[in-house]
């Protein structure tokens, strides 16, 4: 198996505070990875370092590319659409994605819209929080890339829709692509995870196959994850 | 990878609708103020022309300010920064799309002014405007205007266009430079009292950038004053040269900051 992501000695500081240090992380192709950690642990920062949105020290390679502009073409990130005003229609957002991302698959997007019951004639301002998250998921998964970064994609989505999306996520992911999901609904995403990466103490605390947690510790992913924090030092 | 042309078109689309919205608001203001003039009994054939002149100049500044704001927002948003394009291409597409939209707005204004001037001037045979337009159309006005101009007037005109466009771009690149420097420096300062720190930082950075620019202009003037003499053309071209040099320096600095230091706003 080849590696889709290789981070080597990556560190990041902001406002005189170390957010992440000495991050070494290698992810293989074709996996679904749960990125876990408490609020403020640095999960979003880790994703932003991969996309190049945050500037840290060390090297990051995605599909072998270390140059940020090239790296971006291999990554689909669940961006919050802040660049569009609330009066923008979804059709215009879709047209933008189609225009700037050569790997955007309109057919897959239409299928995702049908599956998630998204009305593309609406304006962004008329979407509920959950519906906006669904749009973001659809836009992110409609691209055909090597690495998908989903940063808390299910916040605001009702539990029924959340379970429906999680159970079908494997269907939307290209076979050789890797998907990193950062989420607090650990028990709900646990069944689809191949590996877990836990961010704690400003670095990668552990990175292991999900099955090994169940086999070695005899507990579920959520119980294992929570046990790491019991009595541990809290970082915000 | 996304091409420069694709990025330019994508960014231009947003700005195009912004400009059209400003123009629609301007039209509304002209209609309302003209109706008011009609009600008060002061309406003349030139009312629309003068109304467009006054509202048009306000609208132009609004367009300029909103495009400047849009430029800076675009640099800091993941929606645009995640597009796979080099930083130079991204920077160029953003600034160029703003310039094109401002020129489009200026051309629309000019066309509207000419139309309202023709309607107003031709509508009143006793007016000065009517005489001016007659001279314009029978060619006598042209001959009189051109005979008073120096022989190299096309080059002078070209020089003035370069200076005008250069100043416009220079204002944008300077705003971006101040924005980028402030954003980068604030990342290295402690988190507490960020608002106060940012205000102080903006003042310091603005002061520093304007000092450096005026120093560069002074140096340039000092070394080129010997070539100028009394020729208007050489003065214009030397000014254009100074603007182009400053512009290149600022663009290089901005692209470097964008590539190495400037982060987007987090989700």
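Quick one: in region B:71-81, of everything that is within 11 Å of chain A (Cβ to nearest Cβ) and in contact with a helix residue (DSSP H, G or I) (Cβ under 6 Å, 6 or more places away or on another chain), which residue is nearest to residue A:94 (Cα to Cα)?
Step one: filter region B:71-81 for residues within 11 Å of chain A (Cβ to nearest Cβ), giving B:73-81.
Right, trim to in contact with a helix residue (DSSP H, G or I) (Cβ under 6 Å, 6 or more places away or on another chain) and you get B:74, B:80.
Values: B:74: 18, B:80: 14 Å.
The qualifying residue nearest to residue A:94 (Cα to Cα) is B:80.
One residue stands out in region B:6-57 among those that are over 21 Å from the mean Cα position of the chain (by Cα) and either within 14 Å of chain A (Cβ to nearest Cβ) or assigned to a loop (DSSP other than H, G, I, E, B) (or both): the one that is modelled with the highest pLDDT, namely B:6.
One line per residue, one yes/no per condition, for (1) away from chain A (no Cβ under 14 Å); (2) at pLDDT below 95; (3) surrounded by fewer than 17 Cβ atoms within 10 Å (Cβ to Cβ):
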residue	(1), (2), (3)
B:226	yes, yes, yes
B:231	yes, yes, yes
B:237	yes, yes, no
B:242	yes, yes, no
B:266	no, yes, yes
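Tell me, which helices (runs of 4 or more DSSP H) wholly within region A:153-230 include 2 or more residues that are at negative phi and over 18 Å from the mean Cα position of the chain (by Cα)? Steps first, please.
On the way: elements: A:159-172, A:186-189, A:210-217, A:221-229.
Because the criterion is at least 2 residues that are at negative phi and over 18 Å from the mean Cα position of the chain (by Cα), the helices (runs of 4 or more DSSP H) in region A:153-230 that meet it are A:159-172, A:210-217, A:221-229.
Is there a residue in region B:152-161 that is modelled with pLDDT under 95 and under 23 Å from residue B:51 (Cβ atoms)? Step through it out loud before you land on a result.
Our first condition is that a residue be modelled with pLDDT under 95; within region B:152-161, this holds for B:152-161.
Among the residues that remain, those that are also under 23 Å from residue B:51 (Cβ atoms) are: none.
No, region B:152-161 has no match at all.
Of all the criteria given as (1) at pLDDT 95 or above; (2) over 14 Å from the mean Cα position of the chain (by Cα), the one not satisfied by residue A:130 is (1). Among the residues of region A:3-19, those identified as surrounded by fewer than 17 Cβ atoms within 10 Å (Cβ to Cβ) and in contact with a strand residue (DSSP E or B) (Cβ under 6 Å, 6 or more places away or on another chain) are A:3, A:6, A:8, A:9, A:11. Among the candidates B:88, B:159, the residue that is within 14 Å of another protein chain (Cβ to nearest Cβ) and either part of a helix (DSSP H, G or I) or within 30 Å of residue A:140 (Cβ to Cβ) (or both) is uniquely B:88.
In region B:171-218, what residues are at positive phi and at pLDDT 85 or above? If you could, list the steps in order and put the result at the bottom.
Looking only at region B:171-218, we keep the residues that are at positive phi, and these are B:193.
None - no residue of region B:171-218 is at positive phi and at pLDDT 85 or above, so the list stays empty.
Taking the criterion of being outside any helix (DSSP H, G or I), out of contact with any strand residue (DSSP E or B) (no Cβ under 8 Å at 6 or more places or on another chain) and away from chain A (no Cβ under 14 Å), would at least one residue in region B:128-142 satisfy it? Yes: one or more hits. Looking at A:103, A:119, A:91, just one residue is surrounded by fewer than 16 Cβ atoms within 10 Å (Cβ to Cβ), more than 9 Å from chain B (Cβ to nearest Cβ) and under 13 Å from residue A:145 (Cβ atoms), and that residue is A:103.
Residues in region A:41-55 that are within 11 Å of chain B (Cβ to nearest Cβ) and on the phi > 0 side of the Ramachandran plot: A:52 alone. For residue A:172, the criteria (1) crowded, with 19+ Cβ neighbours inside 10 Å; (2) in contact with a strand residue (DSSP E or B) (Cβ under 8 Å, 6 or more places away or on another chain) hold in every case but one, which is (2). Residues that are touching a helix residue (DSSP H, G or I) at 6+ places or on another chain (Cβ under 7 Å) and touching a residue at least 60 places away in the same chain (Cβ under 8 Å) were ranked within region A:69-78; the one that is nearest to the other protein chains (Cβ to nearest Cβ) is A:77. Of everything listed in (1) touching a strand residue (DSSP E or B) at 6+ places or on another chain (Cβ under 6 Å); (2) over 24 Å from residue B:90 (Cα atoms); (3) not in a strand (DSSP E or B), the single unmet condition for residue A:22 is (3).
If you go through region B:246-266 and keep only what is farther than 20 Å from residue A:55 by Cα and more than 18 Å from the chain's Cα centre (by Cα), you end up with just B:249. State whether the residues of region B:98-108 include one that is closer than 19 Å to residue A:85 by Cβ and touching a strand residue (DSSP E or B) at 6+ places or on another chain (Cβ under 9 Å). No: zero hits.
From the list A:170, A:181, A:166, which one is more than 30 Å from residue A:85 (Cβ to Cβ) and touching a residue at least 60 places away in the same chain (Cβ under 8 Å)? So that I can check it myself, show each step before the final result.
Numbers: A:181 fails: more than 30 Å from residue A:85 (Cβ to Cβ); A:166 fails: touching a residue at least 60 places away in the same chain (Cβ under 8 Å).
Among A:170, A:181, A:166, only A:170 is more than 30 Å from residue A:85 (Cβ to Cβ) and touching a residue at least 60 places away in the same chain (Cβ under 8 Å).
Within region A:34-68, the set of residues being without any contact (Cβ under 8 Å) to a residue 12 or more places away in the chain and in contact with a strand residue (DSSP E or B) (Cβ under 7 Å, 6 or more places away or on another chain) comprises just one member, A:66.
Looking across region A:38-54 at every residue that is part of a loop (DSSP other than H, G, I, E, B) and in contact with a helix residue (DSSP H, G or I) (Cβ under 7 Å, 6 or more places away or on another chain), the one that is surrounded by the most Cβ atoms within 10 Å (Cβ to Cβ) is identified as A:53.
The values are calculated or read from the model by the stated rules, or taken from the named source; none is laboratory data. In this text the structure is predicted, and so the values were computed from the model without any measurement. Neighbour counts are summed over all protein chains in view; Cβ atoms, including those assigned to glycine, are modelled from backbone coordinates with ideal geometry.
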